[in-house]
Every structure is written in structure tokens, then in C-alpha cells.
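S.K.: Got a structure here, written out as C-alpha cells. Questions coming.
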């Protein structure tokens, strides 16, 4: 048996768009096969066909050499195809075992047989190096661990082919390392993996072969070992992509944001930010590096006014804004690309145009004397959509909920940058975006800097910080552990500080 | 900017259809002819101008309370207190009507305003408690209902005692009534009164606030996603209080329409049903102002027609109440109706590759999740 899954000449058409056009993907047993493509390239459609959510218009699917018709996800499950979704589907107040059993509970008489199930989970966990505690409650375990529970669900159902849908988008760098180790274990034990992603680094790190699709068409399948990141990017985007952000040296100007001895609680009333001080100058990008959950969120929320400071001060251009309202801070020139686009960034049940005016809805020309001006709002939205390449099926009046994650993110970034703020707080600004869009957004952020504005960039992706920032501050456990010049530092040094290693101030 | 109302109306119509169907089954089971039953039910509400007038008069308080519930709901608040707000609105109106010896053109605006203010006050308290201490508005509005109930229980006998009965107030003078001669004459002596026109104005004002103003934008933003609203600098607490006040004012106006329009005195010991029916009206009307208007009229027809149906056939009036209850039931389970509809649509799409959004990536992912 040469291939475990073959999707041959698949075509799927939706009204007005060919989502998949003559795409062939062949998965060898025991390989990690990456499926690479930009947002909207047709990756999800292709996988939905394999998972039985859509019938293909043309083409055939073979599993272990046999031609099959996958009419619904249950058929896919029976064929040993399992999917680890990007957004987990877990019951939070259930234990790991209960979640895994859900839908196929073993019974002993009338009672659910937890014990046998837990034992099986323990065995699987050991075999694949998942390290999952069967008795832990979902709400008590980390995101990375929750993802392992999702993987375990598939293993428990004897899946032979695992589809990972953008699995690293929710993980910290350390968790990504762990996940990769798990994936290696899985293939070593004979499983086959399809990895949907647009992160080239991960493909290089873990995949054997890579199928690239662009705008619904197959670009090609390549051996990862003999293909460079640049080539992969070119295949995906269809043109040369520059990874290094072009950035001219320029001396920073006056201090725009000054944070003095700030302390703040997190949501659990634990001190998350301790005596934190920082300065961001005009014309510079200050990168804040750190592992997720070390006080970055709290710092940004205190600066924007979403969270109360317990002590310390926040100054914007010399004015103490510690007691100012959120609205006052926005008017004074603080823009904020939030890390959680569904919680803070968008009102999902509002249309795109209603979301675009979220911070200016009461300003002329969008409103006059308390009345909304729909023409001005639509016009403004259309301009931003063109400028930031936000794509929506029904244009400006599409519900924000109906947009893909990448387009939602571009809409938020567009809205915030267009405020032309004195201080831009960019938290994970390129989360979930593909290479082309990342390039564009990075360019816009650098543009803000070149216009003499201040940018505080908070990112969990070290590459992003190293590429963009002029200076890099590292936060660990709510404290500033180091402040370095981006030109003279490297990934290793910052990585050490992110883990709590001290280093003297040099910048 | 709204685009989904069409679908919501379809759901409402399906709910109505199921309700009527259930009513038909009930009539069959009780040995009656459903066609005849429905004929008399709707005739009772619509067959002549006087009955139409009564239907509209019955619907009027429901428009107000439905509007009240729907409006609060837009801000993410569940106003179960429309009954109490209505009582207080009615009490304010009645009290002024019995106290001020003013001519009608002067008195009526004052009465209407007082009713709105009374209701707004009754909405302000739960709104403020919610904003300040995060007290759940459902608990709080229920409590406010009983405070209103007992306030009326005390105040009416103590200050506005009726001529013969301890349990009701004196009749309000003609000058204080929303009933006007010309309207009563047009509708051949029915109960219809100016309250109906105030209700239409209220529907228009609420629709305008929600759709066209920055205030409506803020209120809905807080309702849909409080975190994002706060992120944008919108003061969520202020909007919660404001929303409950406006909702209360609507219900208060309903109190005026009922106690100094439809009726002409207040009884003690009754929490008006219309307060709770308002929840059903809002539900059936999909929380949109004009939807509420139509739902209230429909309930008005059923309520005012059931007596006639009972008189002309052997169908007990409880059947009409059952129909209403079934409709509420189906409106409440509209989620289910929508899901079945969605499934049917998807199946159709799968067959003839019909209408799918261009931007299908996100939708596909969600579907992928749902079908696990």
C-alpha cells in the first residue's frame, strides 16, 4: 500500500467561486504531510471534503487503496480519519476521561465504566508520550494540554489518519515544541498526519512532504527537506515574499508612553504585574517579548484603561492618564489591536461596517447630533476594506461573524491603524494571518513608526518581535527582566530571558 | 444595516403556523370543527369595526410591554418586570387623573408623562443594581413586580378608595381617560383609545433609536458584546441603566393605556398579565419593534376573538389560550426551527450547489465543528 489516503483530482465549486480545482493530495502511511495555503486558498474546503462535510463535484477519494464515498463525518470516523479542530470542542467541567468517552461511553450494566476508559487513556498516553492526566478537569488544564485531549479523542477512536487544523495557533513556543514531539511519536507508531498550516517554519521543522494550494488550485507537492522556506512562501503567495521587514534606522524622539512602577491584579486577583516600568518613544517600535500569561495582557489593559492599576502611573506624552476613562484615552491617541479578536476586537453580531466605526461612531462624519450617517459609514468601510484587503462575501454589510479569522483580524488592524494613533498597542497583530497579509501589516506598523508614532508590539512570536522591534523588553512573571537593542541581540538571549534569566539593561 | 430580520419573521410565521395547527388538533380532539372554530375565532376579533377596535385596544398594552422586553433584550437584559412597571405607570396615571382637576388637553399629556416616568423609575432600580453591584436583573425585576403589587395594594384603598368596593379605585373622570369620543364613535363604541396611537409612536421612536442613533448603536453593542463595547470606550453601566429606564418607560406607558384607557379604574391584588405576555410578544416579534407591533396585534385578535368563538361553537375559550401558549412555545424554540431550516437548506445546497457565501472558509470550519 503506497498511500493511505488519496484525494484525486478533487473539484468543488461554490456559487461564484471554485474552492478546489483539480487538487490531488496523496498521504503516505507514517508521514507528516503539510497542507499549505493562504487564508481562503481552499485548505479547509479540501479537508471538509475528506471529513465528509461536503461531497466533491468531481474526483475520487481512496482510503488504503479502496475507493470510498465519505458522505458524513461518521463515515470518516469509521475509516479511521480524525480531525483535531482549531477550536477545541470540550466540556469544561468534565474530566479528561469524560470528554474522551463522550459519544461512545463504555458501560458496565447501567453505570458508565470510567475505570476501564481511564486505564485505556493512560496506556495510550504513555505510548504516544501525551502525558495526559485522565482525571483532571478540562477547566484546570492548560490550552496545550486541552489540545492533547483532542488528540487523545482521535486515538481513542482508533484514528489512523489525523488531520491537524492550524494546531499551533493557540500554543506558546514551548507548547509548540511539545506538540511537535507528540506528532513525531504518532508517526513513529504508524499514524499518518495531515497538518494544515500557513507557518513555514513549522513545516520545515516537522513535515516530510508539503502540498501547496493557491486560490483553489494545486501548486505542487514538494519534499520539505529539499525546499527552502523562501520557495515554499513563493509557491503559496505566488510572488517573492520578503521575510525581513525593510526598516531604515531613525533616531527615536520624545517619550510618548511612560509606565511608572505599575502593579495590577489579573482576573484571579493575583498580582500579575509587579512594579513595572517602561518607556516607548515616538518613532520607535518597542517589542514586548514573553511567554503567554506573564503579565502582557494586564500591562496592555492597564494602559488602555480596561484594567485598574493597583499602584503606579501611566503617562501619555507627559499627561498622567492613570485615572482617565477608556474613551478619553482613545481620544488622546491610543489605539489597541487586542489579542482576543472575538472578546474585545469585534462585535460578531454587528455588520462589518458597524464594527469599523466601533471607536468613531459618535464622530463626524459618521454621526451627527446623535444620528448615524450610513452613507459615510459604508464609504469608510469600503475604503478600509480595499486598503487592508478585507474580504467578505456580502461586503460592508456582512456580519462580522461570517468573516474568516484572517479577514476579521485584518479588519481590526485596519480600524486601529486608521485612527492614526500617537501610541499603537499591537498585541499579536498578525495572529492567524498568512504570509502575504503578515507582510502587509508589518509594513503598516513600520509606517506608523516612520511617521513618528510610538508602537508597543506585544507578541508571542519571537520572529515577529526580532523582525519589527527597535528595542526589545522581556517580561517574565509580571516583571521586566531585560531591555535590549534589537540589533545586538538574538533569539537565544531573548529566549533565556523569557524563561526568567536576568540580564542587565543595555539599551 | 439589519439584514437578518427576514429570516426571523419566517421563524415567527412558522411558530404561528404550528400554534394554529396544534389548536386545530385540540379542536378535533374535543369534537369540534377546526375550520369553524378558527372562523369564529378570527371573526370575533375582526368581523366588524367595533370588534377591530376592541382587538386594537387589547393589543395596545401588549405592544408597550412587548416593546419594553424587546428593548431591554437588545442591551442583553431580560426584563421580567414589565408587569410591575406597568402597574406603577398605571398607578401614577390614575393618581394624577383622580387628583388634578385640569381640562383634558392639559391633563392627558401630564398623565402619559407621569406613567412613563413611573415605569422608568421602576426600571431604573434594577438597572442601577445591575450596573453597580451586578445583581441579576431577572431576580431584581421580579422583586420589583411584587413591590409594585403591594404598593398598589396599599395606596389605592388608602387614598383612592372606590365608592362601593375596597378593592378598587374610584373611576377616573372623563377628562383623565385616554378614551375620546370621536374615536369611540368611529369604532362604534369599542374600547379603543389614544393609547393605540401612542403605542404606534412608541414603536417608531424605539425603532428609530435602535436603528439610526448612536445611542442605539451603543445599547446594542453592550448587549451583543459588553467586553468589546467597553474596549471601544462605551460606558456599559450607563447604557444598562438607560436601557432599563427606557424599557420601564415603555411598560409604564402600557400601564396608562390599560388603566386609564382600556379600563377606567385600578383593581388591587392583580399583577397584570400583559406584563408577562409582553415576553411572548417580544419573542414572537423577534425583538424588533415592528415585529413586536404585529405580534401584539395577532395576540390581540386571539384574545378578543376567543369569547366569540366560545359563544358560537362548543370550543372552549381555553383553546384560544392553548393556541397562544403553543405559539409562544414554538417561538421560544425558534432555535430549533432555525436549525431544521438550516439543515434543509444545506441539504438543498449540497444537491444543487446553491447559495453559499463567497467567503466560505470560516463557515466551513464552523460546520466542520458542528458535525463532529
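What follows draws every value from the coordinates through simple rules; no lab data is involved. Bear in mind the structure is a predicted one, so any value in this text is a computation, not a measurement. All Cβ positions, glycine included, derive from the backbone under ideal geometry; neighbour counts span all protein chains shown.
S.K.: Any idea what log10 I(q)/I(0) is at q = 0.06, 0.07 Å⁻¹ for chain A, Debye with uniform C-alpha scatterers and no solvent?
M.R.: Log10 I(q)/I(0), no solvent term: -0.31, -0.43.
S.K.: Can you give the % of DSSP beta bridges in the protein assembly as shown that are antiparallel, to the nearest 5?
M.R.: On the way: 50 of 87 bridges.
Counting DSSP beta bridges with both partners in the protein assembly as shown, the antiparallel share is about 55 percent.
S.K.: To test your reading of the geometry: what angle, between 0 and 90 degrees and rounded to tens, separates the Cα axis of helix A:114-128 from the longest principal axis of chain A?
M.R.: 80
S.K.: Take each of the peptides A:327-337, B:20-30, B:170-180, average the number of other beta-carbon atoms within 10 Å over its residues, and list them starting from the highest. Don't jump to the answer; show the numbers that get you there.
M.R.: Details: A:327-337: 20.4, B:20-30: 16.5, B:170-180: 18.8.
Going by the mean number of other Cβ atoms within 10 Å, highest first, we get A:327-337, B:170-180, B:20-30.
S.K.: Which percentage, to the nearest 5, of the DSSP beta bridges contained in chain A is antiparallel? Don't skip to the end; give the middle numbers.
M.R.: On the way: 47 of 84 bridges.
DSSP beta bridges in chain A are roughly 55 percent antiparallel.
S.K.: Would you mind getting me the FRET efficiency between residue B:35 and residue B:325? Use the beta-carbon distance for r and R0 = 22 Å, nearest 0.05. If you can, show how the numbers build up before the last one.
M.R.: Values: r = 21 Å, r/R0 = 0.97.
It comes out at approximately 0.55.
S.K.: Under 8 Å for C-alpha pairs, at least 6 residues apart: give me the relative contact order for region B:113-195, rounded to a whole percent.
M.R.: On the way: 45 pairs, mean separation 10.8, N = 83.
Rounded, it is 13 percent for region B:113-195.
S.K.: If each residue of separation counts as 0.36 nm, what is the full-extension length gain between residue A:11 and residue A:275 once their alpha-carbon separation is subtracted?
M.R.: Working: separation 264, 0.36 × 264 = 95.04 nm, distance 5.83 nm.
Here the segment from residue A:11 to residue A:275 would lengthen by 89.2 nm.
S.K.: Between residue A:267 and residue B:175, what's the calculated FRET efficiency when r is the beta-carbon distance and R0 is 60 Å? Round to 0.05. Each step should come with its number before you reach the end.
M.R.: Details: r = 59 Å, r/R0 = 0.98.
FRET efficiency, residue A:267 to residue B:175: 0.55.
S.K.: Then there is this: Could you work out the relative contact order of chain B? I mean the mean sequence separation of Cα pairs under 8 Å and 6+ apart, divided by the number of residues, in percent.
M.R.: Working: 673 pairs, mean separation 128.9, N = 372.
Relative contact order comes out at 35 percent.
S.K.: Per-residue ellipticity at 222 nm for chain A, helices alone: DSSP H runs ≥ 4 residues times -39500 (n - 2.57), over residue total, nearest 500 deg cm²/dmol? Intermediate results must be reported in sequence, preceding the final value.
M.R.: Numbers: 16 runs with 159 residues, N = 507.
When only DSSP H runs of four or more count, the value is -9000 deg cm²/dmol.
S.K.: What is the log10 of I(q)/I(0) for region B:51-306, computed with the Debye formula using one identical point scatterer on each Cα and no solvent, at q = 0.14, 0.16 Å⁻¹?
M.R.: -0.86, -1.09
S.K.: What is the mean number of Cβ atoms from other protein chains located within 10 Å of the Cβ atom of each residue in peptide A:396-406, rounded to a whole number? Intermediate results must be reported in sequence, preceding the final value.
M.R.: Working: counts 1, 3, 4, 2, 3, 3, 7, 5, 7, 3, 2.
Mean inter-chain Cβ contacts per residue within 10 Å come to 4.
S.K.: What shape does the protein assembly as shown take by its C-alpha gyration tensor, where a ≥ b ≥ c are the square roots of the eigenvalues and a/c under 1.5 counts as rounded, a/b above b/c as prolate, and the rest as oblate? Spell out each step's value before the answer.
M.R.: Details: a/c = 2.31, a/b = 1.57, b/c = 1.48.
Prolate.
S.K.: Under the 0.36 nm per residue contour assumption, what length would be gained going from the current alpha-carbon distance of residue A:67 and residue A:92 to full extension? Before the final figure, lay out each step's value.
M.R.: On the way: separation 25, 0.36 × 25 = 9.00 nm, distance 3.88 nm.
Contour length minus Cα-Cα distance gives 5.1 nm.
S.K.: Something else now. For residue A:246 and residue A:447, compute 0.36 nm times the residue count separating them, minus their Cα-Cα distance, and round to one decimal in nm. Could the numbers behind the result be given before it?
M.R.: Numbers: separation 201, 0.36 × 201 = 72.36 nm, distance 1.03 nm.
Stretched fully, the residue A:246-residue A:447 segment lengthens by 71.3 nm.
S.K.: Right, next: Taking a ≥ b ≥ c as the square roots of the eigenvalues of the Cα gyration tensor of region A:435-477, is the shape rounded (a/c under 1.5), prolate (a/b larger than b/c) or oblate? Working shown, then result.
M.R.: Working: a/c = 2.59, a/b = 1.28, b/c = 2.02.
It comes out oblate by the Cα gyration axes.
S.K.: So what is the relative contact order of region A:181-225, in percent, for Cα pairs below 8 Å that sit 6 or more residues apart?
M.R.: Values: 33 pairs, mean separation 11.8, N = 45.
About 26 percent, as a whole number.
S.K.: Compute the angle between helix B:273-284 and the longest alpha-carbon principal axis of chain B, please, reported from 0 to 90 degrees and rounded to the nearest 10.
M.R.: 20
S.K.: I'd like the distance separating the alpha-carbon centroids of region A:445-498 and region A:343-365, in whole Å.
M.R.: Here the answer is 30 Å between Cα centres.
S.K.: State the Cα centre-to-centre distance between region A:45-89 and region B:60-113 in whole Å.
M.R.: 59
S.K.: Once every DSSP H run of n ≥ 4 in chain B is given -39500 (n - 2.57) and the sum is divided by its residues, what mean residue ellipticity at 222 nm do you get, rounded to the nearest 500 deg cm²/dmol? Mind showing how you got there, number by number?
M.R.: Values: 16 runs with 279 residues, N = 372.
My calculation for chain B gives -25500 deg cm²/dmol from helical runs alone.
S.K.: At a Förster radius of 25 Å, what calculated FRET efficiency corresponds to the Cβ-Cβ distance of residue A:105 and residue A:126, to the nearest 0.05? Spell out each step's value before the answer.
M.R.: Working: r = 23 Å, r/R0 = 0.91.
After rounding to 0.05, the efficiency reads 0.65.
S.K.: Please determine, in degrees from 0 to 90 and to the nearest 10, the orientation of helix B:318-332 with respect to the longest principal axis defined by the Cα atoms of chain B, where the helix direction is its Cα long axis.
M.R.: For helix B:318-332, the angle is close to 50 degrees.
S.K.: Please work out the ratio of the alpha-carbon Rg of region B:1-155 to 2.2 N^0.38 Å and round it to two decimals.
M.R.: Working: Rg = 20.4 Å, N = 155, 2.2 N^0.38 = 15.0 Å.
My calculation over the Cα atoms of region B:1-155 gives 1.36.
S.K.: I've got another one for you. Any chance you could check the Cα centroid distance between region B:161-198 and region A:104-148 for me, in angstrom?
M.R.: Here the answer is 70 Å between Cα centres.
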